[in-house]
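So the structure is just underneath, and the comments pick up after that.
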Amino acid sequence: MSEFAELKVDGNTYQLPIIEGTENEKAIDISKLRAESGLITIDPGFKNTGSTKSSITFLDGEKGILHHRGYSIEDLAEKSSFLEVAYLLIYGRLPTAEEFKAYKEEVTLHTLIHEDFHKILDGFPSAAHPMGVLSSLVTAMTAFYPKSLDPNRSWDEVNLSIIRIIAKMPTMAAFAYKNKIGHPLVYPDNRLDYTSNFLHMMFGLPSQPYDVNPAVSAALDKLLILHADHEQNCSTSTVRVVGSSQASLYSSISAGINALWGPLHGGANQAVIEMLENIKADGGDTKKWMAKAKDKDDPFRLMGFGHRVYKNFDPRARIIKKAADDVLDSLGVTDPVLDIAKGLEHEALNDQYFVDRKLYPNVDFYSGIIYRALGIPTEMFTVMFAMGRLPGWIAQWREMRENKEPIGRPRQVYTGETIRPYPGS
Ligand code: SDX
């Protein structure tokens, strides 16, 4: 592979360096292109544009590969825990047994949120979507922890801000849910592990202890692992760009939550279940809905299918599909929308439109079915995605900060009116 790409424009030749990553990915470095040629590039949606060099997550979309710090998602989902994967992503390596014990204890110390948060929660009508409540509560953390506003403070103070949001996210998520259904809040029980504590706060009542089903807690912990990071996706890129202005960690995470909310991104897991329920209510005619998904005049898309990077099976979807079967079997639950999902998947994998466009089930296609089986309501599905993605957002924000990356400010090509006199002048 040559070290340079040559660009010939108007009789001029520009040499652009080619860089190569540790997994043999190659990129043309255009950071000096405008200074040397006056030219910029344009790439709506950044489909062909890299924003950074990162050592956190590696994806190979053609082969359906996902690694975090060199460990395969299959190994991590099978052998690790969500808090250990969070440690791996944020601090760059797996913790020793002593380090992990101390980390869990430190996270446990910070699970409570200030009582004044209840005034914010009380301000939301019960119709409020939990994602909007969650992003507001995360932004409010800047008010309760003003030292978190300055990302240039000592590493110990930045790390305390990181520990606080890892610890409080499940509490804020569960409180958003309780506030929506008008139930009394259930405070964290720090004798429980991270995921069991969340289930306790979600489904418990102050008057009666909640017996966490170990199979449910294990399934949820695996789901959180599968959502932990995914390189430069829409919400992570949002966190990086917001953080690049030296906005605080909590402001950057809140922006990421709002980007994730969209139905083309993390909101797809809620949209998938709503789509499957619509198909079921419509009589379960999957062929009719497949035709709608292919009809350019019909805005309907097969939610949970397709991916910007994966042009093969999303490895997370494979793991989640098996986990869905296992969870429903272990809980003795049958879910008719699972049968519709499997029917749609079979048809799509054999349909030329989907095959030609390499549209496969993504992480969101089956996750909602497990969340439903675990008793998590549909409007909380994307909140679960945000809880899982939190350590990835933090790790990427930290990497951007420590690499002293410049403020994110893309260029444009102007296509509007050229200069003209103001009327009457
Ligand atoms: C996530 O980036 C990440 O890593 C995200 C994520 C993460 O972990 O952070 O993996 C999580 O967001 C998964 C994606 C969840 N979204 C959905 O399931 C929504 C449905 N899928 C899409 O809308 C779409 O596939 C995207 C948004 C995921 C990707 O869109 P792209 O890469 O911009 O591709 P595109 O919209 O240009 O589509 C290419 C073609 C088009 O057809 P043509 O114009 O070429 O004829 O494929 C078609 C699209 O119409 N197409 C679909 C389709 N997805 C793409 N047609 C029907 N149904 C679909 N789902």
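Read the figures in this text as sums done on the coordinates, not as results from a lab. Owing to the predicted nature of the structure, the values given are computational and were not obtained by experimental measurement. As a convention, Cβ positions derive from the backbone with ideal geometry for all residues, glycine included, and neighbour counts pool all protein chains shown.
Go through region 285-305 and give me each residue that's under 19 Å from the mean Cα position of the chain (by Cα) and among the small types (G, A, S).
Selection gives G304 alone.
Looking only at residues that are among the charged types (D, E, K, R) and in contact (Cβ under 8 Å) with a residue 60 or more places away in the chain in region 299-312, which one is farthest from the ligand (Cβ to nearest atom)?
The extreme case among them is K311.
Can you report the number of residues in region 346-401 which are near the ligand (Cβ under 9 Å from one of its atoms) and either aliphatic (A, V, I, L, M) or touching an Asp or Glu at 6+ places or on another chain (Cβ under 6 Å) (or both)?
Count: 6.
Being farther than 25 Å from L59 by Cα, assigned to a loop (DSSP other than H, G, I, E, B) and touching a Ser or Thr at 6+ places or on another chain (Cβ under 7 Å), is that true of even one residue in region 244-254?
yes
Assuming K296 fulfils every condition listed in (1) within 12 Å of the ligand (Cβ to nearest atom); (2) part of a loop (DSSP other than H, G, I, E, B); (3) touching a strand residue (DSSP E or B) at 6+ places or on another chain (Cβ under 8 Å) apart from one, which condition is it?
(3)
Counting only residues that are in a helix (DSSP H, G or I) and of a type in the set (F, W, Y), which one in region 306-358 is farthest from the chain's Cα centre (by Cα)?
Result: Y353.
In this structure, is D339 among the acidic types (D, E), surrounded by fewer than 20 Cβ atoms within 10 Å (Cβ to Cβ) and within 16 Å of the ligand (Cβ to nearest atom)?
Against the criterion (among the acidic types (D, E), surrounded by fewer than 20 Cβ atoms within 10 Å (Cβ to Cβ) and within 16 Å of the ligand (Cβ to nearest atom)), D339 does not qualify.
From the list K280, K288, which residue is without any contact (Cβ under 8 Å) to a residue 12 or more places away in the chain, surrounded by fewer than 17 Cβ atoms within 10 Å (Cβ to Cβ), more than 22 Å from F385 (Cα to Cα) and among the basic types (K, R)?
Every option except K288 fails the conditions.
Counting just the residues of region 227-256 that are within 13 Å of the ligand (Cβ to nearest atom), hydrophobic (A, V, I, L, M, F, W, C) and buried (at least 23 other Cβ atoms within 10 Å of the Cβ), which one comes out nearest to E74 (Cα to Cα)?
A228
Please state which one of I340, I320 is touching a Phe, Trp or Tyr at 6+ places or on another chain (Cβ under 7 Å) and at negative phi.
I320
If we keep just the residues of region 257-293 that are farther than 14 Å from S235 by Cα and small (G, A, S), which is nearest to the ligand (Cβ to nearest atom)?
A293
Of all residues in region 127-152, which are exposed (fewer than 15 other Cβ atoms within 10 Å of the Cβ), assigned to a loop (DSSP other than H, G, I, E, B) and free of Cβ contacts under 8 Å to residues at least 60 places away in the same chain?
Result: A127, single match.
Is it the case that some residue within region 106-114 is hydroxyl-bearing (S, T, Y), exposed (fewer than 15 other Cβ atoms within 10 Å of the Cβ) and farther than 20 Å from G256 by Cα?
Checked region 106-114: no residue is hydroxyl-bearing (S, T, Y), exposed (fewer than 15 other Cβ atoms within 10 Å of the Cβ) and farther than 20 Å from G256 by Cα.
Which one of S81, S2, S37 is out of contact with any strand residue (DSSP E or B) (no Cβ under 7 Å at 6 or more places or on another chain) and of a type in the set (S, T, Y)?
Checking each option against the conditions leaves just S81.
Among the residues of region 42-97 satisfying the criterion of being farther than 22 Å from E402 by Cβ and of a type in the set (S, T, Y), which is surrounded by the fewest Cβ atoms within 10 Å (Cβ to Cβ)?
Taking the candidates together, the pick is T96.
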